[in-house]
């Protein structure tokens, strides 16, 4: 039986044991709806409010500033559309980079179809947007600056402190998409200039099916989903109590440091594989410690991902959240990566349960599969 090594934690991580324990209660025993008046409903409401308090504590926010959604994607949609729509009498201009998550980019594109304007700023070769270029793009009609804390596709960390200072000086709401980094690095609603933070539970040991929008209560917001008074009116619909309770536990799990394993994997691949490029920032403070994005010359990333799966190793290929789209990932286009290299893109993301033995096995298998695929590829010419 082949060893199984999971290196696709950005897509979803195994549930941590404490998360399983609390979720099981609401899947098997405490099955009531939070909207019901009886004791089963009370138990559900108490679980949601406990999760809300836990999230607020970890994000340095107040409990009434936490809104639970169905996913990080919905949280980003609510943040982008909800804030700009609420400010439409003041202005209709949005500033973002050309390297945002599809849920942010897609929301902005929808707003452009409905009377808003957007300025998309180029990023550098690492995928970082310069605060100076943001400052130059702002107008008296700008109602939102949208950026990400860490890139899902490149692993690069933005200078959110400088961007936040700029937003505060100009009095413009700032959305920080922290769905790729929350649970791994501290994120803080009280950081200067930050108006909204979004999280995705499955990235830090919690369940899929729940996201978090943390909103400074001073920022006006227009709800997108109507029909009920759940989430204090901000998000109608019966709450996913089990998932919310699980997220509330996951956000408080003890931190882990994946940087040594990241370095082990990176240095091992550099030593064993010719023609492999690290996309995004180098290892260190400008890069997420649980993320590696590579382009392998002379092969296609999808083919490598499938070959590795046959050997028991799960990785991702292509842009996060749109893997089925065979087009060049926008993040790779944004940093000016050659199209041929972009085809060979593979994402490896570490989790709380990743071990040194997992990395050893990956370093044993990946070079062999790369060699096999390159032997069949007319695009590959060895340099040595």
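Sort 364, 239, 29 so the one with the fewest other Cβ atoms within 10 Å of its own Cβ comes first.
Ordered from fewest to most neighbouring Cβ atoms within 10 Å, 364, 239, 29 come out as 29, 364, 239.
Just the Cα atoms of segment 106-208: what Rg and Dmax do they give in Å?
14.0, 42
If the elastic network links every pair of Cα atoms under 10 Å, which of 209, 275, 248 fluctuates the most in the Gaussian network model of the chain?
For the chain, modelled as a Gaussian network with Cα springs under 10 Å, the answer is 275.
For a label point 7 angstrom out from the Cα of residue 86 toward its Cβ, which stretches of segment 208-226 have the backbone nitrogen within less than 20 Å?
211-226
Extending each Cα 7 Å along its Cβ direction at residue 130 and residue 259, get the distance between those two points in nm, one decimal.
Rounded to a tenth, the inter-label distance reads 2.8 nm.
For Cα pairs less than 8 Å apart in space and 6+ apart in sequence, what is the mean separation divided by the residue count of the chain, i.e. the relative contact order in percent?
RCO, the chain: 23 percent.
I'd like the distance between the alpha-carbon centres of segment 63-104 and segment 224-277, rounded to an integer number of Å.
19
Once you've got the GNM for the chain with C-alpha springs shorter than 10 Å, pick whichever of 103, 33, 151 has the biggest mean-square fluctuation.
Taking springs between Cα atoms under 10 Å, the residue moving most is 33.
Considering only the chain, what is the antiparallel percent among its DSSP beta bridges, to the nearest 5?
50
Starting from the Cα-Cα distance between residue 57 and residue 285, subtract it from 0.36 nm times their residue separation and give me the gain in nm to one decimal.
In short, 79.6 nm is gained.
Tell me the mean residue ellipticity at 222 nm calculated for the chain from its helices only (DSSP H runs of n ≥ 4, each -39500 (n - 2.57), averaged over every residue, nearest 500).
Value at 222 nm, helices only: -11000 deg cm²/dmol.
Give me D for segment 17-250 in µm² s⁻¹, whole number, from Stokes-Einstein with Rh from the Kirkwood sum over alpha-carbon pairs, 25 °C and 0.890 mPa s.
The diffusion coefficient I find is 137 µm²/s.
Since every read-out is calculated from the coordinates, none of them should be taken as a lab result. Quantities reported herein were computed from a predicted structural model and do not represent experimental measurements. Glycine also receives a Cβ, built like all others from the backbone with ideal geometry; neighbour counts cover every protein chain displayed.
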